[in-house]
Amino acid sequence: MALTDRLPERFQPALKVAPVRPAYAAGFRAAMATVAPLIVGYLFGEPEVVWASLAGFSVSLTDRGGPYGARAAAMGSLLVAGAVAAVLAGLTGASPWTGIPLLFLVATLTSLGRVYSVTAGVVGSSIAVVWLVSMALPAASLAEALGRGLYFVLGALWAMALSLVLWPINPYRPARLDVALCYRVLSTYASSVAGGKGGHEHQATGEYVVFADRALVRETLEAARATLVGMRRGRQEGGRGERLLVLLEIADQSFATLLALGEVLDSVPPFAAAEPARDAARRAIAGFASTLQYVARIAADESRAPPPFIGWSGAGVRAALSALDGVPSDGVALARAAYEQAARLLDQLGEFATAAGETAATLEQKAAVVAVPGSVLPEPGVASTPVSLVAPLREALSRDSVALMHALRVGITTTAAALVASQLGLSRGYWVTLTVLVVLQPQSGATFIKAVQRVVGTVLGGVIAAAIALAVHDTWWILAVVFVLATVSVAVLPINYAVFSMFLTPTFVLLAEVNAADWHLANLRIVNTLIGGVLALLGTRLLWPRSGRAQLEGEIATSLARLRDYLATIAAYEREAGEQRLREIAVARREVGLAALNAEATFQWRLGEAPMATSRLEPVMAVLTYTRRLAAAATALTTTAPRGGSPGSAAVAAFAAAAAVALDDLSSATAEGRLPAPLPAGLDRGGLTTEAEGGIEPLLRAQLVRAGRQLATLHSALTRIAGGAAAADAATMSRPSAVTAAAGS
């Protein structure tokens, strides 16, 4: 592929716009926190108040939402550390013998903040930014340095007051909104199942269409889980908090049931006489989706609305099965069994929807509630386990740690940028260093995307800044324009970083010369950003380059290992059912979803790093697709297989155990870069023998065969990745059923 043909593919991820609304409230708070100190400083003739403005903007960006306690802790950490950084950097920045080594140390240590959380990473980056700016403007005396620290504290306190005090405080609001979002996203996924998509990934003639609804449900559930756990950490919870926990539990259980329902519907081949039953199932699922939207509105608004009316159930599907009476076809038994199971799952969704509606309608009550069986959340009334502050750092400082390599890369490249800017005598050279600090990401592909976004946004923003500087000269009008630009920049940050940079550039160019608008600063900002972007790309290529390919293979191996654990847990449950086993299954199912999300995210980074050849792209996409599909098939098996040591339960246990062994080999083979061992004979057909098939229900038999074919497709794709097409063809010829696995599953 020619370079000119690949360039559009490389730039496309950088210009992608996220389908979210602008965060206008966050933008307005950030503008208030940034501009108000400047107005005070202008009125009283105190230019050093710009440090309060920098603090206000930085602290506002640190507010990532979530529990009020966690937000206050993050902003408070930046208040203290930022003030210390402003003072120390101002005192040591004048001497290169102290300034440069300290810059390396600060940039490296603050980069390690991401090992704790995204918010901790943002706090660390903000501390490094404050250090860079203060270092570039050395303080003339100790009093001046201490004044910077004092102004930074005042600006940070003002920003915290805007976020936590002046805006109405409702400690449950973040969790309430997150839980409501779970129900909206789950409703969208239910609508895709009702539309006949099954919520699954589909393959046709080598082309894949990936529906992101299911992955988005898992992401949203995990975000709400983190908010709820953070809200209840270290305290006894009751009343509204418990009800929010139960709502999340119900959403998680509904998600699993919906996965199983989609798998059941997908397992039935087209059958004209069964179409009324399928249509009835789709109408019921659409009704479930509408109910979820209603529950989301109640939870978000805390309105005193009555519980939702459940006008749908599996009864319509059962009634439609009468159309199968007397139909002479071999597929009647399978279709009847499948739709009877679908009806049972719809009844279960009805129970979940009723419980969710009643719980949402009573959020304000204080009486305790009972958790849903199989919950993977902490039991109500029990404080969660404290998080270790040492363990993540100890792991990050271990040998061959990716986090440590990236932190050293940031430290070395940032220091090199400062030296380059100094040697070239660049005016406002800290803009070069800031660009390096912001652009560098753990993956080279992500760094390239961030560099493109920063450069494109800065160039466009520089043009805007130059036009404003030429047209507006009155200080008050400049401050008004800065207020608008700051509001818009923060509001569009969730949408696209390039757009954020486009509005951020004129904001700080105008702030840099608020008393004398100079359009030449816009040109300077563009040049310095270009130099910083180039240095960042050089740093990520030369210093411990971590290929997206290596990381992708590691994430795939992890997702296969989690799928192995899930199937092993199902095998144990089929042998010995119980409440504890149900909880283990719920935990294992969640772990598979999280691992699959990580693998898919790494796959996107890998595509951003460099386009993949079709011969490699197809099997990787097949692995990601069939990891999720096999997990969904396993979930469906747990809802279909009878308990009590029946032949069906024994068959599911045997298949799950054998599949877990095969997946263990697939995981280790992927990690070691070797060809996987051949699948055991018969496993690609669910492990069923001719003798065993007679005692198993038609639906369960079809689901076992379907799961076996999905495992065979997964094995074939991993074989092609490891050994190339020739090895895959040889492996396929030894297992004829794998040839038709993609089409049959």
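No lab work stands behind these numbers, since they all come straight from the coordinates. This structure is a prediction, so every number in the text was calculated from the model and none was measured. Positions of Cβ are generated from backbone atoms using ideal geometry, with glycine treated the same way; all protein chains shown enter the neighbour counts.
Quote the convex hull volume per residue of region 409-453, based on C-alpha atoms, as a whole number of Å³.
64 Å³
Output needed for region 20-169: three equivalent-ellipsoid semi-axes, defined as square roots of 5 times the C-alpha gyration tensor eigenvalues, in descending order, whole Å.
25, 20, 11
Find how much the distance from Tyr42 to Arg583 grows on full extension, using 0.36 nm per residue of separation minus their present alpha carbon separation; answer in nm with one decimal. Numbers along the way, then the final one.
Working: separation 541, 0.36 × 541 = 194.76 nm, distance 6.12 nm.
Computed gain between Tyr42 and Arg583 is 188.6 nm.
Test of understanding: what is the full-extension gain from Ala467 to Tyr24, defined as 0.36 nm times their sequence separation minus their Cα-Cα distance?
Working: separation 443, 0.36 × 443 = 159.48 nm, distance 2.48 nm.
Length gained, Ala467 through Tyr24: 157.0 nm.
Can you tell me the Rg and Dmax of region 120-177, counting just the alpha carbons, in angstroms?
Calculated on Cα positions, Rg and Dmax stand at 16.0, 50 Å.
Want the number for Arg297 to Ser322: 0.36 nm per residue separation, take away the alpha-carbon distance, what's left?
Result for the pair: 5.3 nm of gain on full extension.
Sort the following peptides by mean Cβ neighbour count (other Cβ atoms within 10 Å, averaged over residues), highest first: 279-291, 710-722.
710-722, 279-291
Compute the relative contact order of region 20-169 as a whole-number percentage, counting only Cα pairs closer than 8 Å that sit 6 or more residues apart in sequence.
About 34 percent, as a whole number.
Using modelled amide H (1.01 Å from N, peptide plane; none on Pro or chain starts), what sits under 5 Å from the amide H of Gly314, excluding residues fewer than 5 places away?
Asp347
Given R₀ = 35 Å, FRET efficiency for Leu166-Val80 by Cβ-Cβ distance, to 0.05?
0.95
Give the average over all directions of the projected area of the C-alpha convex hull of region 398-541, one decimal, in nm². Don't skip to the end; give the middle numbers.
On the way: hull surface 35.8 nm².
Computing the convex hull of the Cα atoms and averaging its projections yields 9.0 nm².
Would you kindly work out the equivalent ellipsoid of region 56-126 from its C-alpha gyration tensor and give its semi-axes, the square roots of five times the eigenvalues, largest first in whole Å?
Semi-axes (√(5λ), whole Å): 25, 13, 8.
Which of the peptides 577-590, 424-437 is most tightly packed, and how do the rest follow, going by the mean number of other Cβ atoms within 10 Å of each residue?
424-437, 577-590
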